[in-house]
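What follows is a single structure, written as structure tokens, with notes after it.
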Amino acid sequence: MQYAARPMASSAREVARASYPGWAYVAIPMAGLLIQIYLPLFNGLEFVERIDLPLLAALYFALMTRSQLGGLGIGLAVGLTQDSFFHQPIGMFGICKTLAGFFAASVGMRFDVEHSLVRMTICFGFYVFHQTLYWVIERSLLSQQATINPQAVIILGLVNAIIGVAVFHFLDKLRARR
Amino acid sequence: MESLINRYRNVTLLLLAILGQIVLLAWQTRTDADMLLVRAWAVTTITPVAKLIDSVRGFGSGPFGGYRESRVAVEQARQLRSEVDRLKLENSLLQHDLELARRAEELAGFQGTSPSKMIGARVIGATPGAGSRLLLIDRGASSGVRRGMAVVVPDGIVGRVIAAYPFASQVLTLTDPGFAAGVESQTSHARGVMKGSGSGSARVDFVATGPKVEKGERFFTSGEDRVFPRGLAAGVVTAVADSARFQEITIEPAATQIAADEVFVILDPVHQSIPEAGAAETAVFLGPDVSANSQADPTPVAEGTSPATTATTAAGRLMDQYRKIGDAQKHVFGEGLPGSLPPNFNLKVPGANAPGENAGLPSAVQPGRTGKP
């Protein structure tokens, strides 16, 4: 009965927590990070650097496990790992992805995240949230003269959302059978 | 109380995680310190995987790259004879090998001629971000690489090492906004600080309005930053604008391929002089060479001979010689299928290449004086 009041999640199945093999929590974000780092070296694949695969991986596990602490943890780990590869103080991506993971898990508890449209909306929203928060941190905490291009963020958000739906569909195959 | 803690446990942990990272950021910003241990662990973890992928990439861009090109060539040449297809395929593979050899020779030549002691490194990864660009190279502290060392390619400077791990190093490229290097212009010798702009270009700051820098002028490293030795190509001026105190100079980096496959890390820099500026590239008419005219064949040209065979140049005389050798063997140039026997160019023909009867050949092509020992 408690699920009936929820706007999108209409059954217990929709809010059931998914579980994955242990290696997937490490290998998938790491693979996303490697792809983001390495594929831009190939001619014609420079655009891959704009696809935030680590964010998509963190969002997926946070959404599907529907655990705020789990989302927080994986967002924190992915963000800090990503920070360590970039020439910037450690914690920039960490803060953004920690918040994204936590809030994604909160959203996952209330919405039917199996639906492609919901997934796309969530990916788009959290990408824009992530980029905006990153920009705010750059300006407010680091006092850098960072700029943001809203049009580019929105377009890239759409691209990331489309790719996110495809990636989520693939990652669904890894879900442990009950 | 316990129920209250349990109720807000998740939010409390979130706030602690965020607060912890903010404190971490503040500490790094205030002390200008870096979390070297964390970065070292991360890079060391990912380096073997990156090397593995790089080796796969090398395999893919080698034979399979040639195979892809050959597939295109075969597709385009489907209507041609099979012999032509085979030759095109061979040509494609040889061109690829030639390009690799040329690149290797260029790198070896650069390393051999530079007075600075340097070590070659392969780029095994890149960490591009918003306005930031780093390279990951496969040489680290175990190879003598240290933080702050300059990274160059034959075309010019690439960046500097910002972190040296045991078996890999991170390089901050010159297009990164955090990059800076002391530079000096080639002609006006104006000095300034080259800084990355986050895009493909860079700018030179703090160049006083006194010595006027012109568009197209080249900038070289001045050596004042004690990172890059003096005399390395930095870039070419693409735009100059005057302001109140300084000139606003935009330059295009000399190293056109910032993410090159191979780079050099300068272990022991040696300063060089900045090369003198060359003459302006303008179309200049040059008359015939006097020395060539004095050695020209005084023999009058036979009637009916085309102007191209008047043998007033070395090439013309050589062509004349070949034509006479061909005539002596009744060979008609331009005829015969590929693979047919060419005329014997070593045959001594009086009036062409026989001793004592040369037809005004330059010394370099006379028999017995080919320059070989």
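The values are calculated or read from the model by the stated rules, or taken from the named source; none is laboratory data. What you see is a predicted model; the values in this text were computed from it and never measured. Cβ coordinates were reconstructed from backbone atoms using ideal geometry, including for glycine residues, and neighbour counts include every protein chain displayed.
Scan segment B:11-29 and report the pairs whose first residue is closer than 18 Å to A:S140 by Cβ and whose second residue is outside any helix (DSSP H, G or I), with Cβ atoms within less than 6 Å and a gap of 6+ or a chain change.
Sorted first by the residue in segment B:11-29, then by its partner, the pairs are B:Q21/A:G91; B:L24/A:G91; B:L25/A:P89; B:L25/A:G91; B:L25/A:L141; B:Q28/A:P89.
Of the residues B:I18, B:I5, only one is in a helix (DSSP H, G or I), more than 35 Å from the chain's Cα centre (by Cα) and either aromatic (F, W, Y) or modelled with pLDDT of 80 or more (or both); which?
B:I18
Residues being under 25 Å from A:L53 (Cβ atoms) and over 20 Å from the mean Cα position of the chain (by Cα): count how many of those fall in segment B:128-175.
11
Quick check on my filter: what residues within segment A:28-44 are more than 13 Å from the chain's Cα centre (by Cα) and either of a type in the set (S, T, Y) or away from chain B (no Cβ under 11 Å) (or both)?
Within segment A:28-44, A:Y38, A:G44 qualify.
Has segment A:83-105 got any residue that is more than 29 Å from B:V23 (Cα to Cα) and aliphatic (A, V, I, L, M)?
no
Please find, within segment A:82-104, the residue that is surrounded by the fewest Cβ atoms within 10 Å (Cβ to Cβ) out of those that are at the interface with chain B (Cβ under 7 Å from one of its Cβ atoms) and of a type in the set (F, W, Y).
Within segment A:82-104, the match that is surrounded by the fewest Cβ atoms within 10 Å (Cβ to Cβ) is A:F86.
For residues in segment A:45-56 being assigned to a helix (DSSP H, G or I) and more than 29 Å from B:L13 (Cα to Cα), which is nearest to the other protein chains (Cβ to nearest Cβ)?
The residue in question is A:E49.
What's the number of the only condition in (1) within 14 Å of another protein chain (Cβ to nearest Cβ); (2) over 28 Å from B:V43 (Cα atoms); (3) surrounded by fewer than 23 Cβ atoms within 10 Å (Cβ to Cβ) that A:Q144 fails to meet?
All conditions pass for A:Q144, except number (2).
Every residue, every condition in (1) free of Cβ contacts under 8 Å to residues at least 24 places away in the same chain; (2) not in a strand (DSSP E or B), yes or no:
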site: B:V158; (1), (2): no, no
site: B:V227; (1), (2): no, yes
site: B:V236; (1), (2): yes, no
site: B:A241; (1), (2): yes, no
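For segment B:30-52, give me each residue that is without any contact (Cβ under 8 Å) to a residue 60 or more places away in the chain, within 9 Å of another protein chain (Cβ to nearest Cβ) and either under 33 Å from the mean Cα position of the chain (by Cα) or part of a helix (DSSP H, G or I) (or both).
B:V38, B:W41, B:A42, B:T45, B:V49
Residue check, A:I37 against (1) of a type in the set (A, V, I, L, M, F, W, C); (2) in contact with a helix residue (DSSP H, G or I) (Cβ under 6 Å, 6 or more places away or on another chain); (3) surrounded by 24 or more Cβ atoms within 10 Å (Cβ to Cβ), all met but one. Which one?
(2)
Could you check, for segment B:69-88, whether at least one of its residues is at pLDDT 80 or above and away from every other protein chain (no Cβ under 11 Å)?
yes
Take the residues of segment A:57-80 that are surrounded by fewer than 23 Cβ atoms within 10 Å (Cβ to Cβ) and facing chain B (nearest Cβ under 8 Å): which is farthest from B:S169 (Cα to Cα)?
Checked segment A:57-80; the qualifying residue farthest from B:S169 (Cα to Cα) is A:Q68.
Go through segment B:129-156 and report how many residues are within 19 Å of A:P40 (Cβ to Cβ) and either outside any strand (DSSP E or B) or in contact with a Lys or Arg (Cβ under 9 Å, 6 or more places away or on another chain) (or both).
Looking only at that region, the number is 5.
(1) among the charged types (D, E, K, R); (2) more than 22 Å from B:L107 (Cα to Cα); (3) part of a strand (DSSP E or B): which one isn't true of B:D176, the others all being true?
B:D176 satisfies all of (1) among the charged types (D, E, K, R); (2) more than 22 Å from B:L107 (Cα to Cα); (3) part of a strand (DSSP E or B) except (3).
Among the numbered criteria (1) among the hydrophobic types (A, V, I, L, M, F, W, C); (2) modelled with pLDDT of 85 or more; (3) over 17 Å from B:G223 (Cα atoms), which one does B:L134 miss?
Condition not satisfied by B:L134: (2).
Of all the residues that make up segment A:110-140, how many are over 15 Å from the mean Cα position of the chain (by Cα), crowded, with 17+ Cβ neighbours inside 10 Å and within 11 Å of another protein chain (Cβ to nearest Cβ)?
3
Among the numbered criteria (1) within 18 Å of B:G159 (Cβ to Cβ); (2) assigned to a loop (DSSP other than H, G, I, E, B); (3) not basic (K, R), which one does B:F219 miss?
Exception for B:F219: condition (2).
Which one of the conditions (1) in contact (Cβ under 8 Å) with a residue 40 or more places away in the chain; (2) crowded, with 16+ Cβ neighbours inside 10 Å does B:L172 fail to meet, given that it meets all the rest?
Only one criterion in (1) in contact (Cβ under 8 Å) with a residue 40 or more places away in the chain; (2) crowded, with 16+ Cβ neighbours inside 10 Å is unmet by B:L172, namely (1).
Among the residues of segment B:197-224 satisfying the criterion of being under 23 Å from B:I137 (Cβ atoms) and either touching a residue at least 60 places away in the same chain (Cβ under 8 Å) or β-branched (V, I, T) (or both), which is nearest to the other protein chains (Cβ to nearest Cβ)?
Filtering first and then ranking leaves B:G198.
Looking at (1) under 19 Å from B:P229 (Cβ atoms); (2) surrounded by fewer than 24 Cβ atoms within 10 Å (Cβ to Cβ); (3) without any contact (Cβ under 8 Å) to a residue 60 or more places away in the chain, which one does B:A190 not meet, given that it meets all the others?
In the conditions (1) under 19 Å from B:P229 (Cβ atoms); (2) surrounded by fewer than 24 Cβ atoms within 10 Å (Cβ to Cβ); (3) without any contact (Cβ under 8 Å) to a residue 60 or more places away in the chain, B:A190 misses (1) alone.
Can you pull out the residues in segment B:231-280 that are within 16 Å of B:Q111 (Cα to Cα) and at pLDDT 80 or above?
Passing the criteria: B:G231, B:L232, B:A233, B:E262, B:V263, B:F264, B:V265, B:I266, B:L267, B:D268, B:P269, B:V270.
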